[in-house]
Every structure is written in structure tokens, then in C-alpha cells.
1. Checking Lys2 against (1) charged (D, E, K, R); (2) within 20 Å of Arg96 (Cβ to Cβ); (3) open to solvent by less than 60 Å² (accessible area, probe 1.4 Å), only one condition comes out false. Which one?
2. Just for region 70-97: of the residues that are out of contact with any Pro (no Cβ under 8 Å at 6 or more places or on another chain) and assigned to a loop (DSSP other than H, G, I, E, B), which one is modelled with the lowest pLDDT?
3. Here's a check for you: in region 72-85, which residue that is open to solvent by less than 60 Å² (accessible area, probe 1.4 Å) and not β-branched (Val, Ile, Thr) is nearest to Gly21 (Cα to Cα)?
4. Out of everything in region 16-69 that is assigned to a strand (DSSP E or B) and without any contact (Cβ under 8 Å) to a residue 40 or more places away in the chain, what residue ends up being nearest to Gly6 (Cα to Cα)?
5. Quick one: count up the residues across region 16-30 that are among the aliphatic types (A, V, I, L, M) and surrounded by fewer than 19 Cβ atoms within 10 Å (Cβ to Cβ).
6. Does region 1-55 hold any residues that are out of contact with any Asp or Glu (no Cβ under 8 Å at 6 or more places or on another chain) and of a type in the set (Val, Ile, Thr), and which are they?
Amino acid sequence: MKGITGMVGVASIGDGATSTGSFHEALNQAAIEKLPLVLVVADNHYAYSTPTSRQFACENLADKAVGYGVEVQSVDGTDLNACFESLSATPFARARAGHGPQLVVATLLRLCGPRRTRRCGLY
């Protein structure tokens, strides 16, 4: 609205957030408007205590992007170099070039569940 160009919005969310209505509404609107957005999803295969197999029917979380016409990359979220390479330029350049939102799904490990935070040393 201000006429500023070259800027890209960036957000990071967990896989559970991709099952909310606000995620779908926002991604759909960003895709329609071809907004320069890079959305990084940390996929540890659980939303709090619900496994992804009970959250969505598609095989892979990255498949959700296809329905909105959004470009997606998957990366091993436990490999720091792969994450840097995946995020270093491509999604930002494509978003700036008018290709709309870019989804990056980083697959991670879940070290412990929400009820075990004390035993895992996270509390």
C-alpha cells in the first residue's frame, strides 16, 4: 500500500497451526494476492499431543500447499546446512519476483511429548 518494493514477509509456525482455519484463510488470501511471503513450518509430526495422521489426510504436510497453488520446498530440519541452503535465496527470490507465497516444510524430531517436559529437562 505504501509502494515499498523488495520486501518479503516471513513467518514460522508449527505443524499444528496448519490445521487451523486462520492458516488456511491466510494462505489462500496470500496466494490469491501473490503476496511476497515465506512461511516456514516446523513439522515434528505432532500438534501438542495429536499426531499428524489424525490432523490431515494428505500423505505429507507439504501437500497442503498444492491446493492453494503455493510453491513448496521440503527440507530435513535436523540438518543445519540443508536449512541454510533451502532458505538462503530461492524462496525469497521467488516471493520477490511475484510468484506469491513460498512454503518451506522442515521435518524435525520430537524429543518428548507435552506431558513429559519435566523428564526431558524442558521445564
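The values are calculated or read from the model by the stated rules, or taken from the named source; none is laboratory data. Fair warning: this is a prediction, and the values are worked out from it, not measured in the lab. Here the Cβ positions follow ideal geometry from the backbone for every residue, glycine too, while neighbour counts run over all protein chains shown. Remember, those area values only see protein heavy atoms, side chains included, never the ligands or the DNA or RNA. Shrake-Rupley method; radii C 1.70, N 1.55, O 1.52, S 1.80 Å.
1. (3)
2. Ala89
3. Here the residue is Gln73.
4. In this case the residue turns out to be Ala47.
5. 2
6. Of everything in region 1-55, those that are out of contact with any Asp or Glu (no Cβ under 8 Å at 6 or more places or on another chain) and of a type in the set (Val, Ile, Thr) turn out to be Ile4, Thr5, Val8, Val10, Ile13, Thr18, Thr20, Ile32, Val38, Val40, Thr50.
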